[in-house]
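Chemist: Please read through the structure below; I'll follow up with questions.
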């Protein structure tokens, strides 16, 4: 579609005016705009996609920015700025190879502007950081330097110049680095003195002067320039992270004390939260009686202030959860809500439990102001506490991804009475799992608050707790479990002739059987039909590793030598609560449930030779600290059979850096 320059309609004009207002820095507001947008109305103007994408990237949300820009590109596939923003979103989300491919395409089309060449150089700098050995690292650093230097020579831009200087130092050319730093310092001081250097331009001028001062070993000057830059860039998390990243590279290369500079770039922490609900009226032994609310609220706010919290992830039950969200919002922070099932049913069972209280209004307010609200299951509590456990895993995983995007601290925080009576998915379960992963859990001692406010001694463990969750009865023989699900099929299977089918069974299915029996990541259950594979794994690490092993084995096999055409697999991965049971027909172990249907819809939309995964799989990989795999975002993708549109990832192996 060609760019059109028709006058803006009223809706788009209002949206652009809103986006250009510096006061509108709320990610929740931008999410609301995006959810409410009319694709047909927006399809006639590329500027609205560009402006929204830029604003989202400033707030450090590359996955959200990707979705916006990707839709813009569908309408304006030749728009250079949209493609640059897509590459930047990919780079900031860790999908360096994909970002590089977008920029190589622009470069080969003849685009030699500073933004294209500079971003292309940036991807090589990132690839150097991901390199498996020193030789590969140096190759990418040299390529990055060549592109930055080319951009500077052709445009004279200070952004490409400072990056060329930094790369020169990383490559050992201190004289060239210092010479460029001196040129940049003069240039940026002149521009800074000119009128009109405000907002983003002023931020980059100040941060560039800080980086140049580091290159020239003027530590006090660097500290002062960076101090001014961080004051101007407050809230622009994407730019602050980028600046800190370069400063760290330089300080590591120069082998100097990083603390003076590091403390200037401390981004707000990401806090993942769990805590007790307010007591139900029929609870015999008090744990969180309603009159404790002010004390608990004060304790949460004080601890969040100490933690410099800016991003919160929690459920939204009455009591601790809602108090946590309200505190984050009052701190002008960003909140994310994860619920075990539908909002309306959750409100009935975990919010509206005290007649005459105002928890419903507060719940609706929290949900309305959250950046995102995730319901991790379409069903209610038929899986018992497993749904709550899955929601806690999702909370931790999504919070981990956010902390990694921002390169900031992830802090687990709980309001907990110190007892283990919650069962799976409760506060005690979350504490135990976080501590097992080596995370330092911040604990607000609810029992201590209770003693201090009501002078109540700790109840005996024998006392009956009537406030436990209401769970539906699970049929005998069906056990709810959280598992990783694997579906695969073979591209072109339907075209095999009668002679090739037996070879396919012997060689392809035989390969799968050998791997399933010999791999260190063996599945719990195996099933096939034709070319289809359905496997279930204990965890996402095993599923991801097995999927990549199988892809590599299929890719490295000479199928023509076995009398078969070239074979490629499509593999889809998901994770969620399922029922294990004995199939009454086959008398074998099977896993069933709505999440199996969800998993089955991923494989048909997966490109041949690739492994795609759901957001749930990616979140659990982050929650379980699976370092061997990387899940790179590929956007909101329509599932097979009109199942819906969901965030989707490609799974790759993470190479050890040399």
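Chemist: Being closer than 21 Å to residue 268 by Cα, in contact with a helix residue (DSSP H, G or I) (Cβ under 6 Å, 6 or more places away or on another chain), modelled with pLDDT of 95 or more and in a helix (DSSP H, G or I) is the requirement here; does residue 297 meet it?
Modeler: On the way: closer than 21 Å to residue 268 by Cα: yes; in contact with a helix residue (DSSP H, G or I) (Cβ under 6 Å, 6 or more places away or on another chain): yes; modelled with pLDDT of 95 or more: yes; in a helix (DSSP H, G or I): yes.
Taking the combined requirement at face value, the residue satisfies it.
Chemist: Counting just the residues of the range 396-410 that are assigned to a helix (DSSP H, G or I) and farther than 28 Å from residue 36 by Cβ, which one comes out modelled with the lowest pLDDT? Explain how you work it out, then say what you get.
Modeler: The first filter runs over the range 396-410 and keeps only residues assigned to a helix (DSSP H, G or I), leaving 396-406.
After this cut, where a residue has to be farther than 28 Å from residue 36 by Cβ as well, the list is 396, 400, 403-404.
On the way: 396: 97, 400: 96, 403: 94, 404: 90.
Ranking the qualifying residues of the range 396-410, first place goes to 404.
Chemist: Could I ask something else about it? What about residue 322, is it touching a strand residue (DSSP E or B) at 6+ places or on another chain (Cβ under 8 Å) and crowded, with 18+ Cβ neighbours inside 10 Å?
Modeler: On the way: touching a strand residue (DSSP E or B) at 6+ places or on another chain (Cβ under 8 Å): no; crowded, with 18+ Cβ neighbours inside 10 Å: yes.
Taking the combined requirement at face value, the residue does not satisfy it.
Chemist: A further question on this structure: Any idea how many residues of the range 328-352 are farther than 17 Å from residue 375 by Cβ, surrounded by fewer than 23 Cβ atoms within 10 Å (Cβ to Cβ) and touching a residue at least 40 places away in the same chain (Cβ under 8 Å)? If you could, list the steps in order and put the result at the bottom.
Modeler: Keep residues of the range 328-352 that are farther than 17 Å from residue 375 by Cβ, which gives 328-334, 352.
Now drop any that are not surrounded by fewer than 23 Cβ atoms within 10 Å (Cβ to Cβ), which leaves 329-333, 352.
Checking the rest, the ones that are also touching a residue at least 40 places away in the same chain (Cβ under 8 Å) come to 329, 333.
Total meeting the criteria: 2.
Chemist: Checking the conditions here, which among 393, 413, 387 is at pLDDT 95 or above, in contact with a helix residue (DSSP H, G or I) (Cβ under 7 Å, 6 or more places away or on another chain) and part of a helix (DSSP H, G or I)?
Modeler: Being at pLDDT 95 or above, in contact with a helix residue (DSSP H, G or I) (Cβ under 7 Å, 6 or more places away or on another chain) and part of a helix (DSSP H, G or I) holds for just one of 393, 413, 387, which is 393.
Chemist: Okay, next question. For residues that are under 19 Å from residue 182 (Cβ atoms) and surrounded by fewer than 21 Cβ atoms within 10 Å (Cβ to Cβ), tally how many sit in the range 224-237. It would help to see each step written out before you state the result.
Modeler: Let us first name the residues in the range 224-237 that are under 19 Å from residue 182 (Cβ atoms), namely 224-226.
From what's left, surrounded by fewer than 21 Cβ atoms within 10 Å (Cβ to Cβ): 224.
Counting residues in the range 224-237 that are under 19 Å from residue 182 (Cβ atoms) and surrounded by fewer than 21 Cβ atoms within 10 Å (Cβ to Cβ) gives 1.
Chemist: With the condition kept exactly as written, say whether any residue in the range 623-632 is modelled with pLDDT under 90, surrounded by fewer than 16 Cβ atoms within 10 Å (Cβ to Cβ) and out of contact with any helix residue (DSSP H, G or I) (no Cβ under 8 Å at 6 or more places or on another chain).
Modeler: Within the range 623-632, none of the residues are modelled with pLDDT under 90, surrounded by fewer than 16 Cβ atoms within 10 Å (Cβ to Cβ) and out of contact with any helix residue (DSSP H, G or I) (no Cβ under 8 Å at 6 or more places or on another chain).
Chemist: Working only within the range 353-379, note down all residues that are loosely packed, with under 15 Cβ neighbours inside 10 Å, assigned to a loop (DSSP other than H, G, I, E, B) and either modelled with pLDDT of 95 or more or touching a strand residue (DSSP E or B) at 6+ places or on another chain (Cβ under 9 Å) (or both).
Modeler: 358, the sole residue that qualifies.
Chemist: Any residue at all in the range 242-262 that's under 27 Å from the mean Cα position of the chain (by Cα), under 24 Å from residue 328 (Cβ atoms) and part of a helix (DSSP H, G or I)?
Modeler: Checked against the condition, which is being under 27 Å from the mean Cα position of the chain (by Cα), under 24 Å from residue 328 (Cβ atoms) and part of a helix (DSSP H, G or I), the range 242-262 yields at least one hit.
So that you can scan it fast, the table gives a plain yes or no per residue for (1) outside the structural domain of residue 611 (by TED's automatic domain parsing); (2) at pLDDT below 90; (3) farther than 30 Å from residue 548 by Cβ:
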site: 436; (1), (2), (3): yes, no, no
site: 440; (1), (2), (3): yes, no, yes
site: 459; (1), (2), (3): yes, yes, yes
site: 471; (1), (2), (3): yes, yes, yes
site: 483; (1), (2), (3): no, no, no
site: 489; (1), (2), (3): no, no, no
site: 493; (1), (2), (3): no, yes, no
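Chemist: (1) touching a helix residue (DSSP H, G or I) at 6+ places or on another chain (Cβ under 8 Å); (2) over 21 Å from residue 634 (Cβ atoms); (3) outside any loop (DSSP other than H, G, I, E, B): which one isn't true of residue 103, the others all being true?
Modeler: Going through (1) touching a helix residue (DSSP H, G or I) at 6+ places or on another chain (Cβ under 8 Å); (2) over 21 Å from residue 634 (Cβ atoms); (3) outside any loop (DSSP other than H, G, I, E, B) one by one, residue 103 breaks only (2).
Chemist: How many of the residues in the range 144-171 are within 15 Å of residue 129 (Cβ to Cβ) and buried (at least 19 other Cβ atoms within 10 Å of the Cβ)?
Modeler: First pass over the range 144-171, keeping only residues within 15 Å of residue 129 (Cβ to Cβ): 144-145, 163, 166-167, 170-171.
Keeping just the survivors that are buried (at least 19 other Cβ atoms within 10 Å of the Cβ) gives 144-145, 163, 166-167, 170.
Residues flagged as within 15 Å of residue 129 (Cβ to Cβ) and buried (at least 19 other Cβ atoms within 10 Å of the Cβ) within the range 144-171 amount to 6.
Chemist: Condition first: in contact (Cβ under 8 Å) with a residue 40 or more places away in the chain and surrounded by fewer than 19 Cβ atoms within 10 Å (Cβ to Cβ). Now tell me which residues in the range 247-266 satisfy that.
Modeler: Residues satisfying the conditions are 253, 254, 260, 266.
Chemist: Could you check, for the range 33-41, whether at least one of its residues is assigned to a loop (DSSP other than H, G, I, E, B), within 29 Å of residue 365 (Cβ to Cβ) and either modelled with pLDDT of 85 or more or in contact with a helix residue (DSSP H, G or I) (Cβ under 9 Å, 6 or more places away or on another chain) (or both)? First the steps, then the outcome.
Modeler: Applying the first criterion (assigned to a loop (DSSP other than H, G, I, E, B)) to the range 33-41 yields 37-38.
Those still in the list that are within 29 Å of residue 365 (Cβ to Cβ) too: 37-38.
Still in the running and either modelled with pLDDT of 85 or more or in contact with a helix residue (DSSP H, G or I) (Cβ under 9 Å, 6 or more places away or on another chain) (or both): 37-38.
Checked the range 33-41: at least one residue is assigned to a loop (DSSP other than H, G, I, E, B), within 29 Å of residue 365 (Cβ to Cβ) and either modelled with pLDDT of 85 or more or in contact with a helix residue (DSSP H, G or I) (Cβ under 9 Å, 6 or more places away or on another chain) (or both).
Chemist: Which one of these is closer than 23 Å to residue 206 by Cα and either in a helix (DSSP H, G or I) or at pLDDT 95 or above (or both): 136, 115?
Modeler: 115
Chemist: Right, next: Would you mind stating whether residue 635 is surrounded by 15 or more Cβ atoms within 10 Å (Cβ to Cβ) and at positive phi? Write out each step before concluding.
Modeler: Numbers: surrounded by 15 or more Cβ atoms within 10 Å (Cβ to Cβ): yes; at positive phi: yes.
For residue 635, the condition - surrounded by 15 or more Cβ atoms within 10 Å (Cβ to Cβ) and at positive phi - is met.
The values are calculated or read from the model by the stated rules, or taken from the named source; none is laboratory data. It should be emphasised that the depicted structure is a prediction, and the values quoted were computed from it without experimental measurement. Backbone-built Cβ (ideal geometry, glycine too); neighbour counts: all protein chains shown.
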